[in-house]
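Below is one structure; the comments refer to it alone.
The values are calculated or read from the model by the stated rules, or taken from the named source; none is laboratory data. Small disclaimer: the values here were computed from a predicted structure and weren't measured. Cβ placement follows ideal geometry from the backbone for every residue including glycine, while neighbour counts extend to all protein chains displayed. Calculation scope for accessible area: heavy atoms of the full protein, side chains included, ligands and nucleic acids excluded. Shrake-Rupley method; radii C 1.70, N 1.55, O 1.52, S 1.80 Å.
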Amino acid sequence: MSDVFKNIVSHCKEYGYVFQSSEIYDGLAAVYDYGPNGVLLKNNIREYWWKSMVQLHDNISGLDAAIFMHPKTWKASGHVDAFMDPLIDNKDSKKRYRADVLVEDYIEKLHQKVDKEVRKAAKRFGDDFVEEKFKAEHPRVSGYIAKIEEIKAELARCLNESDLEALGQLIKNLDIPDPVGGSRNWTEVRQFNLMFSTQLGNVAGKEEKLYLRPETAQGIFVNFLNVANTSRSKVPFGIAQTGKAFRNEIIARQFIFRMREFEQMEMQYFVRPGEEMKWYEYWKEFRMKWHKALGTPDEKLRYHNHDNLAHYANAAVDIQYDFPFGFKELEGIHSRTDFDLKQHQEYSGKKLQYFDPELSESYTPYVVETSIGLDRMFLAILSQAYQEDEVPDADGKTSKRLVLKLPPALAPIKCAVLPLVKNKEEITEKATAIFNELRYAFDCQYDEKDTIGRRYRRQDANGTPFCVTVDFETLEDNAVTLRDRDTLEQIRIPINEVERVIAEKTSMNTLLKKL
Ligand code: GAP
């Protein structure tokens, strides 16, 4: 873990965002609990997603399907037979890894070498530098690029053909060491199913194996007709759902990036066959806009086309975010053809077709899916928000401050009400009255402990976008000081204006209107 990432993880604990699950029993690997601030931030991200998808699209309806589903669901979806990761163990360190991730990390290191050479050359040649020409002509750099393509192609072949022996050989040929211990003493590569199972019923020997859903999408597919009929939707239409999913991940060492219990926000968009690419492009663009509306800079987000398409997909792209450990998948947009509905039709024996009144024909719709992990989005937002900057002190010098510059509409606490001093009753009474009024409109905090400077810093680190300070002048002019977390600007406003001003600046509606 980089230092920045370590700091973010400990900040999450210190400020009540995320705790290790069952911490008093030394924790449970890759399972996390959300604290008082965390649960509010998570709710706000979910609300932003839900409103942007369901409320702002006339033709998208919501669903809340159960976590347990009929076991045949997972046979039909292909998860029982194919939801596998290739795993490899190091015989010396006894650590377990995903074999494909070891190769991907190796490729990433080659990319970093290319980037380093490019940066060096750009500096050397200044305005004359042409990146593409340099990459094509520089012997070492073009060598790295050719090697990247060669490894990618072999990795894709191994995964598509489930050629585990060749995948193990690739790791040996590339001389990849154990990232922790450095040893190259590897076992062979084996397949590992990621689904958790449990049983239904309590009569010994009669239990039926049930799975905890590894994605929420299948709950949408099996309810396709229920929703289509009850909402009288016409193709194209979508079904959106948020909820828990479970995967027995082999590697789970990156905090809430890869968890064994996590939450997904998924939407399946049912379209006419042949129109899927049009909608794929639409959702690709809309979802990127959703991320950028939060103020995330362009250079921190990028598309990444899938090198290996799943057998049922005809297009797939990830939106990646530049986490403290590099660019990684944040969200997937997949064109899944008619695979899922056809499979469920075959396994259930029920017709899952749509009658298109405009075409006067029935067909199995094609599906474009958008799928994002709520926890992973939470980590992206915190990584973006966590900053150390310099601020002016009262004595004219500057000092470091730690601040969470969360998008105001998502911040857990919208404003803190602070009496300047705690031993003057008229001031604390006034502040309490303001707090008691504002709490109907937002999540607020009342804080009178410590000096005003310390309280500002505490709220900055907490991510609170506004502080309302009640001072001696308030008793005279019925106005307060409103302090902005990001600009540090302090303005004087009448008490009866406070709610309107904060509401305007922290409103979810303003954020949604950017879409
Ligand atoms: N229905 C499609 C699907 O589940 P996926 O790429 O496997 O596709 C979608 O997962 C998103 O779910 C990912 O982009 C990621 O944000 C999130 N996700 C997947 N596995 C996760 C895990 N173990 N922990 C946290 N988030 C995860």
Original post:
Between F196 and N223, what is the FRET efficiency for a Förster distance of 25 Å, r being their Cβ-Cβ separation, to the nearest 0.05?
Top reply: 0.65
Subject >> Extension gain, I493 back to S21 (0.36 nm per residue minus Cα-Cα distance, nm) >> reply: 165.6 nm
Original post:
Any idea what diffusion coefficient region 200-338 gets from Stokes-Einstein, in µm²/s, Kirkwood Rh on alpha carbon pairs, 25 °C, 0.890 mPa s?
Top reply: 140
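By how many nm would the segment from D115 to R401 lengthen if fully extended, with 0.36 nm per residue of separation less the alpha-carbon distance?
Roughly 99.8 nm would be gained on extension.
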Original post:
Tell me, what is the 1.4 Å probe accessible area of M277, in Å² to the nearest 10?
Top reply: 80
Original post:
Ordered by packing density, taken as the mean number of other Cβ atoms within 10 Å over each peptide's residues, highest first, how do 117-129, 422-434 rank?
Top reply: 422-434, 117-129
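If you count, for each residue, the other Cβ atoms within 10 Å and average over each peptide, how do 75-86, 330-341 line up from highest to lowest?
Result, highest mean Cβ count within 10 Å first: 330-341, 75-86.
Of the chymotrypsin sites (Phe, Trp or Tyr not before Pro) in region 398-479, which ones lie in a loop per DSSP and count no more than 10 other C-beta atoms within 10 Å?
Numbers: sites: F435, Y440, F442, Y446, Y456, F466, F472; in loops: Y440, F442.
Here the chymotrypsin sites (Phe, Trp or Tyr not before Pro) that fit, given the DSSP loop and packing criteria, are Y440.
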Subject >> Phi to ³J(HN,Hα) by Karplus 6.51 cos²θ - 1.76 cosθ + 1.60 over region 362-367, Hz, x for Gly, Pro >> reply: 9, 8, 8, x, 8, 10
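Ratio of alpha-carbon Rg to the 2.2 N^0.38 Å globular estimate for the chain, to two decimals, please. Spell out each step's value before the answer.
Numbers: Rg = 26.5 Å, N = 515, 2.2 N^0.38 = 23.6 Å.
Scaled against compact globular proteins, the figure is 1.12.
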Subject >> Extreme residue, positive dipole direction of region 338-473, given options Y440, A411, S399 (C-beta unit charges) >> reply: S399
Original post:
Residues of region 85-189: accessible area per residue at 1.4 Å, in Å²?
Top reply: 60
**OP:** Please give, to one decimal in nm, the separation of the simple spin-label points placed at S360 and E165, each 7 Å out from Cα toward the Cβ.
**Re:** 5.9
Subject >> Dipole magnitude of the chain, debye to nearest 20 (Cβ charges: Lys/Arg +1, Asp/Glu -1, about Cα centre) >> reply: 560
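Mind giving me the FRET efficiency for E149 and H311? R0 is 22 Å, r the Cβ-Cβ distance, nearest 0.05 is fine.
Details: r = 23 Å, r/R0 = 1.04.
In this case the efficiency is close to 0.45.
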Original post:
For region 85-189, what mean projected area does the convex hull of the alpha carbons give, in nm²?
Top reply: 7.4
**OP:** Please label the shape of region 1-122 as rounded, prolate or oblate, based on the square roots a ≥ b ≥ c of the eigenvalues of the alpha-carbon gyration tensor (a/c under 1.5 means rounded; beyond that, a/b larger than b/c means prolate, else oblate).
**Re:** rounded
Original post:
Once the Cα atoms of helix 164-173 and of the chain are each reduced to a long axis, what angle between those two axes, in degrees from 0 to 90 to the nearest 10, is obtained?
Top reply: 70
Original post:
What nm value, rounded to one decimal, do you get for the distance between E329 and N43 when each label is placed 7 Å out toward the C-beta?
Top reply: 3.1
**OP:** Evaluate the distance, in nm, between pseudo-label points positioned 7 Å from the Cα of N478 and of F129 along their respective Cα→Cβ axes.
**Re:** 6.1
Original post:
To the nearest 20 debye, what charge dipole does region 85-189 have about its Cα centre, counting +1 at the Cβ of each Lys and Arg and -1 at the Cβ of each Asp and Glu?
Top reply: 540
Subject >> Rounded to the nearest 10 Å², the accessible area of S162 at probe 1.4 Å >> reply: 70
Subject >> With every protein chain in place, the chain: carbon and sulfur % of accessible area (1.4 Å) >> reply: 49
**OP:** When a/c is below 1.5 the answer is rounded, else prolate if a/b is larger than b/c, else oblate, so apply that to region 457-496 with a ≥ b ≥ c taken from the square roots of the Cα gyration tensor eigenvalues.
**Re:** prolate
Subject >> region 408-512 - Rg (one decimal) and Dmax (whole number), Cα, Å >> reply: 12.7, 43
Subject >> Relative contact order (%) - the chain, alpha-carbon pairs under 8 angstrom, separation at least six >> reply: 14
Subject >> Selection from M265, F196, T364 lying farthest towards where the dipole of the chain points positive, charges on Cβ >> reply: F196
**OP:** Determine the relative contact order of region 29-99: mean sequence separation of Cα pairs under 8 Å and six or more apart, normalised by residue count, in whole percent.
**Re:** 12
Subject >> Spread of Cα-to-Cα distances over 5 Å intervals beginning at zero, given as percent, for region 141-232 >> reply: 2, 9, 11, 11, 12, 12, 10, 10, 9, 7, 4, 2, 0
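List the trypsin sites (Lys or Arg not before Pro) within region 234-298 that DSSP assigns to loop and that have no more than 16 neighbouring Cβ atoms inside 10 Å. Each step should come with its number before you reach the end.
Numbers: sites: K234, K244, R247, R253, R258, R260, K278, K284, R287, K289, K292; in loops: K234, R247, R253, R258, R260.
Answer by residue number: K234, R253.
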Original post:
Using alpha carbons only, how many degrees (0 to 90, rounded to 10) separate the axis of helix 3-14 from the longest principal axis of the chain?
Top reply: 60
Original post:
Just the accessible area for T510, please: 1.4 Å probe, Å², rounded to the nearest 10?
Top reply: 70
Original post:
How far is the Cα center of region 345-394 from the Cα center of region 134-178, in Å?
Top reply: 31
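What accessible area per residue, rounded to a whole number of Å², is obtained for region 1-55 using a probe radius of 1.4 Å?
Numbers: 2830 Å² over 55 residues.
Result: 51 Å² per residue.
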Original post:
If you count the DSSP beta bridges with both ends in region 408-512, what percent of them are antiparallel, to the nearest 5?
Top reply: 55
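By average Cβ neighbour count within 10 Å, what is the ranking of 31-38, 316-323 from highest down? Can you show the working numbers first?
Details: 31-38: 18.4, 316-323: 20.1.
Highest to lowest by the protection proxy: 316-323, 31-38.
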Subject >> Positive-end residue, the chain charge dipole about Cα centroid, Cβ charges, pick of I452, F339, V130 >> reply: F339
